[in-house]
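The values are calculated or read from the model by the stated rules, or taken from the named source; none is laboratory data. Given the structure is predicted, the values throughout are model-derived calculations rather than measurements. Counting neighbours? That spans all protein chains shown, and the Cβs are built from the backbone with ideal geometry, glycine included.
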Amino acid sequence: MSELHAAKDTHTKALTINLEASIYGSFAEIGAGQEVARWFLTVGAASGTVAQTISAYDKAVSDDTYGAGTRYVSRERLLAMLNHEYKLVTERLGPARGTRTCFFAFADTVATRNYKGDNEQHGWVGLRFQTEPGSDPSDVLLHVNLMDPTAQQQQEALGVLGVNLLYGAHHARGSADEFLACLSDALSIDRLEIDVLELSGPAFAGQDPRAWCLELVRKQMARAILFDRAFHVVEPSSVLRKRPLIIDRGRFDTLERFHADMLRAGDRALRGEQINLGREPLGIVEIALHPVLDDDAPDNGTLLARVESALGLAPALVTDLPEAYQLAPYLRRYTIEPLRLIGGVSMLAYILQSQFYDALVGSLLEGMGKLFASNVKFYAYPMPRAAVTKALGSGPSRVRVADSKSAVIGADDLILEPPLLHLYRYLREAGWVVPIEVVQG
């Protein structure tokens, strides 16, 4: 981390930018007050940085300024704002001061907590900036989830983030570690999550924004990031919103045919439940950075290779959630439709083990309550006997495989000792653990 960035609070960062005569631009903010501009306007020497501030709250005014046809809190609207504001500031001021000024345009479009608190509280934040006078611009785009309990606190967090972004883009962009440390100053994941980070332009030449996004999860700035099938990190709601989900958790260090077969089997089983589905079911894969089992601590290059391979199956969610029971609350941000975890019977055996729930006061029972809450089921996929025996060989002794000549082991072929046996019978008879059949493509 550079000495310039070290130990600077929000006030000092804003004042430092204001005192740098070469950095000059505009602020356009919609939906969360003008908290970013306010920092620069109140710390002193604002005339050194602020060319204009604008807040086009009225929809007709916003459409007239930035164009109609996009959702108001969206990446598309943010880009329209950046395009408009950057063009204005460079065209108006370029002839007079372009040879000595690094121009910028900051923009955000945000939905803070409404009166009832039942809306999606999130936003898009972006910066277009020059690194040298007359240079081509670079962009940083962020999608953020606002986690504070009040709109005022959310606005305050957004103000801090905006100052950090403008300062970091000019003084702390040398590496992901340096930039993200600056971006998260005076903030925490309990206040604000960043689950999309896009970088472009000469300021970030040679950098892979996907690796920087993985660092968001590693540094606990996001619970998860979502890759679409095109290998882009996208806003999770754009893929998950209101979808029934079939989730395959794993490391995906190798991609086997049974993964595709398993997702197809899960899709067929969900449709076979004869329940009203609001939208078509969607299969996704989830890769936990540090799963409770078989954590091989992959570096970013290895992890990105696994993600790219898994995208041959479905969109991929990379999370910091080691346990299956932690996943449902995250997904419930985006959908109230059915959630169906799917895995082989060896995974079923492992999630029934109390030692994986030691962090919970209620141990295994609390873990099961969290896992199977709110329309969640586990689809147990059959596995070859040899694979199950190998998986359980060094694992829990309270679960074993029934003696039979069958080469394939299903959920009802597991033998459990009391009292776990009674819990398992309850989960089976209540329909929370559901054996499904093999489906081959």
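Go through Ser55, Ser74 for me and flag whichever is closer than 17 Å to Gly123 by Cα, surrounded by fewer than 20 Cβ atoms within 10 Å (Cβ to Cβ) and under 26 Å from the mean Cα position of the chain (by Cα).
Ser74
Hey, can you tell me all the residues within the stretch 409-430 that are touching a strand residue (DSSP E or B) at 6+ places or on another chain (Cβ under 7 Å) and either under 27 Å from Asp267 (Cβ atoms) or aromatic (Phe, Trp, Tyr) (or both)?
First pass over the stretch 409-430, keeping only residues touching a strand residue (DSSP E or B) at 6+ places or on another chain (Cβ under 7 Å): 409-416, 424, 427.
Ile409, Gly410, Ala411, Asp412, Asp413, Leu414, Tyr424, Leu427, listed by residue number.
Just to be sure I understand the filter: pairs with C-beta atoms under 6 Å, separated by 6 or more residues or on different chains, first member in the stretch 416-434 and within 14 Å of Ala380 (Cβ to Cβ), second member in a loop (DSSP other than H, G, I, E, B) and not acidic (Asp, Glu). Which pairs pass?
Final answer for the pair search is Trp432/Phe372.
For the stretch 98-122, which positions are surrounded by 21 or more Cβ atoms within 10 Å (Cβ to Cβ) and either of a type in the set (Val, Ile, Thr) or assigned to a helix (DSSP H, G or I) (or both)?
Residues satisfying the conditions are Thr101, Thr109, Val110, Thr112.
If we scan the stretch 52-68, do we find a residue that is touching a helix residue (DSSP H, G or I) at 6+ places or on another chain (Cβ under 7 Å) and touching a residue at least 40 places away in the same chain (Cβ under 8 Å)?
Scanning the stretch 52-68 turns up no residue that is touching a helix residue (DSSP H, G or I) at 6+ places or on another chain (Cβ under 7 Å) and touching a residue at least 40 places away in the same chain (Cβ under 8 Å).
For the stretch 1-97, which helices (runs of 4 or more DSSP H) that fit wholly inside it have 2 or more residues that are closer than 27 Å to Ala181 by Cα?
Fully inside the stretch 1-97 and qualifying: 10-18, 35-42, 75-97.
Give the residue that is surrounded by the fewest Cβ atoms within 10 Å (Cβ to Cβ), with candidates limited to residues of the stretch 204-242 that are out of contact with any helix residue (DSSP H, G or I) (no Cβ under 7 Å at 6 or more places or on another chain) and small (Gly, Ala, Ser).
By that ranking, first place goes to Gly206.
Checking Val43 against (1) in contact with a His (Cβ under 9 Å, 6 or more places away or on another chain); (2) within 15 Å of Leu127 (Cβ to Cβ), only one condition comes out false. Which one?
Single failed check for Val43: (2).
Please tell me if Tyr379 is over 11 Å from Leu352 (Cβ atoms), assigned by TED's automatic domain parsing to the domain that holds Asp294, touching a residue at least 24 places away in the same chain (Cβ under 8 Å) and aromatic (Phe, Trp, Tyr).
Yes: the conditions hold for Tyr379.
Show the residue pairs meeting these rules: Cβ distance below 8 Å; 6+ apart or different chains; first residue within the stretch 149-176 and free of Cβ contacts under 8 Å to residues at least 40 places away in the same chain and assigned by TED's automatic domain parsing to the domain that holds Glu120; second residue assigned to a helix (DSSP H, G or I) and of a type outside the set (A, V, I, L, M, F, W, C).
Taking only residues 6 or more apart or on different chains, the pairs are Ala176/Glu215.
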